[in-house]
Amino acid sequence: MSGPQLFTPFKVGKLDLANRIVIAPMCQYSAVDGCMTDWHLIHLGHLALSGAALMMLEAAAVTPEGRITYGDVGLYDDASEAAIARTLESVRRWSDMPIGIQLSHAGRKASCEVPWKGGGQIAPGADKGWQTEAPSPAGFLPVDTPPTALDREGLARLRDAFAAAATRAARLGIDAIQLHAAHGYLLHQFLSPLANHRDDDYGGSLENRMRFPLEVYDAVRAAFPADRPVTMRVSGTDWVEGGWDGEQTVAFAKALEARGCDAIHVSSGGLSPDQQIPVGPSYQVPLARQVKQAVGIPVVAVGLITDYEQAEAIIGTGDADLVALARTLLYDPRWPWHAAAHLGGHVKAPDQYLRSQPRQYKDLFQA
């Protein structure tokens, strides 16, 4: 009898993964001036011992103005790069789990308060606030200060910033990059007609709206070593009539595949306060399935994946190649261990924890 599909090995580009479980990027809003702190060492240290196959670091802004909040991690100067290097040096001393990073720019959703203090936008000129920039001068909320519309020079500046961050990621020994084109942030703002009201080559038609995200992909791919994967995270739908949707996501995925993109991670929403999301277990899996049926590159599913059999079914039925867990792993950083025990799989554990293997799961830690 074959073992669980969730614990079979997989390749993304040339990156070998021990199983199909990915730790999704999770913002911690605990950086200082873009620099990781001891909190990140504690947080990432636990997750690096979880038995997952790949850990994606949280969204790292490619410019200071691209941070969602003043507590966001950056990868835009020597100080922020050095802070990540210090954190990774400690994590890697005790874990050989591959580590990727999500590169992002928040666009009009930048300059916000941290979530546990309300999360609202902080006006430019106020303490810890700054002027945002976006494809068009339309704020996320009517009460927000309108962003500055990016001109050609601004687009070139941000393309270069993504590429520079990719160069820094390569120096850090990062194993994979994920570009963030989901959740209403800058690249998603270009894709969606609800946020992109431009009348130049970067707005209007689907081809034009995809242009800047694809240029950013090309710039990052050129700046990052060819043997390490570059992937993209997208929102499969805005959940708003007339917005970005599954059909457009498939067209974008095909364009990425043609450029050599190594994988696509399908999430949803985040672009409009008018979204109507039918939240429930696996609610985003149909979006991943739609993309999976249209492209040959690996597809990652995410969203309220909490149950072991649920995750196994997503992989076993071919709806996606990988599952990404976020809040599930915050609640239970040993979820992959428990999933392996439940499904009859095997997982890697640190030597210091081998004696914790329960008596009834005698082969659990034979990765």
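The values are calculated or read from the model by the stated rules, or taken from the named source; none is laboratory data. Being a predicted model, the structure only gives us computed values, none of them experimental. Neighbour counts are summed over all protein chains in view; Cβ atoms, including those assigned to glycine, are modelled from backbone coordinates with ideal geometry. When the accessible area is computed, the model is the full protein with side chains, heavy atoms only, and any ligands, DNA or RNA have been set aside. Shrake-Rupley method; radii C 1.70, N 1.55, O 1.52, S 1.80 Å.
What to note about this one:
- Taking residues in the stretch 184-208 that are more than 22 Å from VAL220 (Cα to Cα) and open to solvent by less than 50 Å² (accessible area, probe 1.4 Å), and partners anywhere that are in a helix (DSSP H, G or I) and hydrophobic (A, V, I, L, M, F, W, C), the pairs with Cβ atoms closer than 7 Å and at least 6 places apart or on different chains are ASN196/PHE190.
- Residues satisfying the stated conditions in the stretch 230-260, i.e. in a loop (DSSP other than H, G, I, E, B), more than 19 Å from VAL302 (Cα to Cα) and not aliphatic (A, V, I, L, M): GLU241, GLY242, GLY243, ARG259, GLY260
- Hits in the stretch 128-173 (condition: under 28 Å from PRO229 (Cα atoms) and among the aromatic types (Phe, Trp, Tyr)): PHE162
- Residues (of a type in the set (D, E, K, R) and part of a loop (DSSP other than H, G, I, E, B)) located in the stretch 349-363: ARG359, LYS362, ASP363
- Members of the stretch 279-301 that are under 17 Å from the mean Cα position of the chain (by Cα) and polar (S, T, N, Q): GLN284
- Out of GLY318, GLY242, GLY246, one residue alone is closer than 30 Å to ALA166 by Cα and in contact (Cβ under 8 Å) with a residue 12 or more places away in the chain. It is GLY246.
- Among the candidates LEU322, LEU329, LEU304, residue that is under 26 Å from the mean Cα position of the chain (by Cα) and either at positive phi or open to solvent by 20 Å² or more (accessible area, probe 1.4 Å) (or both): LEU304
- All positions within the stretch 332-348 that are assigned to a helix (DSSP H, G or I) and either within 25 Å of the chain's Cα centre (by Cα) or of a type in the set (S, T, N, Q) (or both): TRP335, PRO336, TRP337, HIS338, ALA339, ALA340
- Of all residue pairs spaced 6 or more apart or on separate chains, those with beta-carbon atoms under 8 Å, a first member in the stretch 269-288 that is among the β-branched types (Val, Ile, Thr) and a second member that is open to solvent by 20 Å² or more (accessible area, probe 1.4 Å) and part of a loop (DSSP other than H, G, I, E, B) are ILE277/TRP239; ILE277/TYR283; VAL279/LEU304; VAL285/ASP319.
- Among the conditions (1) open to solvent by 30 Å² or more (accessible area, probe 1.4 Å); (2) closer than 27 Å to ALA82 by Cα; (3) in a loop (DSSP other than H, G, I, E, B); (4) not acidic (Asp, Glu), HIS46 misses just one, which is (3).
- Residue selected from the stretch 262-278 under the condition among the hydroxyl-bearing types (Ser, Thr, Tyr) and assigned to a loop (DSSP other than H, G, I, E, B), by the criterion nearest to the chain's Cα centre (by Cα): SER268
- Among the candidates ALA222, ALA181, ALA226, residue that is within 29 Å of PRO278 (Cα to Cα) and either surrounded by fewer than 23 Cβ atoms within 10 Å (Cβ to Cβ) or touching a residue at least 40 places away in the same chain (Cβ under 8 Å) (or both): ALA181
- Restricting the stretch 133-159 to residues that are hydrophobic (A, V, I, L, M, F, W, C), open to solvent by less than 40 Å² (accessible area, probe 1.4 Å) and without any contact (Cβ under 8 Å) to a residue 40 or more places away in the chain, the residue that is farthest from VAL220 (Cα to Cα) is LEU150.
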